[in-house]
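Each remark here refers to the structure printed beneath this line.
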């Protein structure tokens, strides 16, 4: 009554799709000892591993006086609030109150978020816990199907809305215009209108073309490095924000399972409406055992993204000043078919979720 | 009509209790020569001393074109605006206009704020000047009743709402969890439910307990330093934001006026809704004449607060994103009795004031 | 529906006068090769020179996915978007789309802003292009009528609303209070109520006085440097924000065309509601051919403004927290006659423009 709410700039004005899995962290982000803090869809989360190594995630906010638990300390698998020492177990239940007679209020519970550790990532469920289902994590087992040195993971913090990152990967035509020599298609990609297919929660796109020589990541490994090669990109977006991408090259005119290829996972998690956690993993089916090649590979891809995509995407966010893409009347072209279908599918899923939650 | 007001982030959305005294500055903040600028409840104030040493406070804003007078210059007891040289006396009345025929517009008056200098602080009245009454400053004379070297004053700027600071002192149970060895009660404080009493504008709380040995600030001065001691905390909050705290230790089982004790004053002044001027003074009735001990004492207390309380309180503010504590449904416990009564009393007083001012 | 617009802090809440010329840049800001980016009235603009040296200005935002064209590259007189390589000619028409079949969508047009290069400035028309008329640029040919070394231009970015800068020049009485010895009138200016005259889109003011010695910029060049001189200031504001100022000194009691004088142009362009591009040029009719004197002269004037006016104007902006001057009930005086007539004239013109655009 006497006080009005002081609405802050970071408060969400965006409706996110919530009853689904997002990546919260790389497995390597969360060690055996420390409390790892991350903001996900405007909610602060603390993640740590129990003594048996299982990751757990709690709302990073004591229900008493709202101190971040990540500033507190661990006692075995339990967290002690830094302010008044309420102790919580890894389900979020308060199990010790040092004050007064030690009565534990019924409401002294911290929200716990279900986690699954898979494919080198820790996946989190931020929505309705009654709907949690591990099987809703897409099958990315191919990522970790080879030698450990054939796969690399990395993370970037990006100052744009997560959908701009989805757009970027769903419209691979940008490669020839934004990126350098290493993955150039020599202009062959842009003219192609990809085949786009759809399921209830995914959109796929496929481009096939011939170029001479092949992309630099493949050419030296092909039978005739200087000669023409047949290539494809295959991408599958799965709601809310996971994109599996395969790129391959052959010289025999026929694609098959043993093609020289690279299998990537791009997945994003909204931090706020205008900032995003970007996770990326890449696995190749060649030079698989070379650890230093693997390190170089993931570093180069990280650097290419940071130097070439990020400045552009952050400039677009600044220019848009909103996260509502369609309200700005974008001039859409053939290369927007896949990303626009993704944006519409996501809106559809958010509408469904909103209706379900109101029912 | 053509222009809309450009509402800024710092504008107040908070109703403050105004017809009362706040501390504007330490006496030592305002010297004989300079203009001291401080924002209080979102209003910029310039404070200076007249040639006879009396502090005066004016709205730091020329009524002509809104230049800060604190960027101007003094002429004796008068202030000259830095922009067009309007001159104001220390009541805020414009007494010289160098422009045109020198006519002084009736409205050329800067608001003056009543000040009282007492107990090493400069107290300011930001509200209705018809209600000003020096007697409404609580009696903290004990603070300055001893040797000059027995008392120290300090100031901190804190990025949280002032009520979080009040909560912090009114719930002393945090001492064992937030602070180090020097004032630990060895866990004895938290289990105690303090006695809480109330007047029309104050809330008091008292804790008594036994610990072995006594707090480190007292133990070496007691008859048997290693032995058990009886201790108490007595705190009195007086509206809007002044907290007098006494802590004492004895070994004879009976508290009296000559106990080994320390008498502190914690008082806060809102700068904005989410930033606060925190003033603190401490007086001890032992080792009273030692100047270097006095310096060390106030420095240590300043540092403990900055290192231990401030990071936590600022993190709580960030997490709350609002100043309306109750809207967040805090889980309240026995240690919240005193601070919650303070918050409710303050709301009551603000309601009264709002009704009086509307009447 | 699912997403709300995320309104940012920089979004305009201010109605600007738009069907008129503003200065976009100094001629020297835009070279033969680079893309020059500038925000004008909250709109990002990219300015560059075609191969024949003519400056052009486009909205710095690709209509496809809103990437800033200023991050792209030139191909002759054309701009290539950095993101997906749409190519635009210097009228803003998309002339190449590398995607799909190369179809160019009808809406693939970037807004072009008319430019005129004159008097060492590049002037821009941000409003209704049907009304563009080069003759609406005031005649400032006197600025460039002498030896090239008799005129200097400079630019400053200032964190206040542009009307505070207009006020500052229109009320020259501030000179004696804000500035140093070099242009002091020795207090003679403030008591004078200037003659103010008006046309449909301009306000002029003139001050005449006698001082001894003359301003330091003139005294050494007068017949009797130590003696009294007759001086005048003549200023003409032309909507929206151009102020021509002449200052002169004589010792024969009669002003004429050959007086020792200085002819300045102060002109501002809103960047946002609370930040401004300030452009300034000065031409003298003495020591005309001395290049190093010219450099020293413009540097000194730049420095005086940055050191003396800017801190004050930015402090006023901070204190006002709004751009709506009259809503703050300023206490107005005789020295405000000219600036207040300017503010009212501008409001009148904005009202007219709003009505025309609604008709």
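Here are the numbers for this structure:
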{"item": "Average silhouette area of the stretch C:270-359, convex hull of alpha-carbon atoms, in square nanometres", "result": "9.2"}
{"item": "The stretch C:243-318-the stretch A:222-274 distance, computed between alpha-carbon centres (Å)", "result": "62"}
{"item": "Average other protein chain Cβ within 10 Å of Cβ, residues A:322-335", "result": "6"}
{"item": "Ascending list, in nanometres, of distances separating the residue B:155 label from those of the other copies (7 Å, Cα toward Cβ)", "result": "4.1, 4.2"}
{"item": "Label-to-label distance, nm, for residues given as residue B:293 and residue A:291 (7 Å Cα→Cβ offset)", "result": "6.1"}
{"item": "log10 of Debye I(q)/I(0), alpha-carbon scatterers only, for the stretch B:21-135 at 0.17 Å⁻¹", "result": "-0.78"}
{"item": "Residue mean of other protein chain beta carbons inside 10 Å, B:173-183", "result": "3"}
{"item": "Crossing angle, helix B:337-358 versus chain B [Cα axis fit, 0-90 degrees, rounded to tens]", "result": "20"}
{"item": "Chain C: Cα Rg divided by the 2.2 N^0.38 Å rule of thumb", "result": "1.10"}
{"item": "Highest-first arrangement of B:17-24, A:137-144, A:112-119, B:331-338, where packing means the average Cβ count within 10 Å", "result": "B:17-24, B:331-338, A:112-119, A:137-144"}
{"item": "Inter-copy spacing of residue A:117 label points, which lie 7 Å from Cα along Cα→Cβ, given in nm from shortest upward", "result": "6.5, 6.5"}
{"item": "Inter-chain shielding of A:308-314 (mean C-beta neighbours from other protein chains, 10 Å cut-off)", "result": "2"}
{"item": "For chain A, calculated [θ]222 nm from helices alone, where every DSSP H run of n ≥ 4 adds -39500 (n - 2.57)", "result": "-5000 deg cm²/dmol"}
{"item": "Percent antiparallel among DSSP beta bridges (both partners in the stretch A:208-359, rounded to 5)", "result": "100"}
{"item": "Tilt relative to chain B, helix B:291-304 - C-alpha long axis, 0 to 90 degrees, to 10", "result": "90"}
{"item": "By average C-beta atoms within 10 angstrom, highest first, the peptides A:64-70, C:100-106", "result": "A:64-70, C:100-106"}
{"item": "For residue B:226, inter-copy label distances in nm, listed shortest first [label point 7 Å out on the Cα-Cβ vector]", "result": "9.1, 9.1"}
{"item": "Packing-based order for C:124-132, C:249-257, using average beta carbon neighbours within 10 Å, highest first", "result": "C:124-132, C:249-257"}
{"item": "Volume of the Cα convex hull of the protein assembly as shown, divided per residue and given in Å³", "result": "228"}
{"item": "Alpha-carbon centroids, the stretch A:326-359 and the stretch C:60-93: separation in whole Å", "result": "27"}
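No value in this document is a laboratory result; all are computed from the given coordinates. Keep in mind that this is a model prediction, so the values were computed, not measured. Ideal geometry is used to build each Cβ from the backbone, glycine not excepted, and the neighbour counts take in all protein chains shown.
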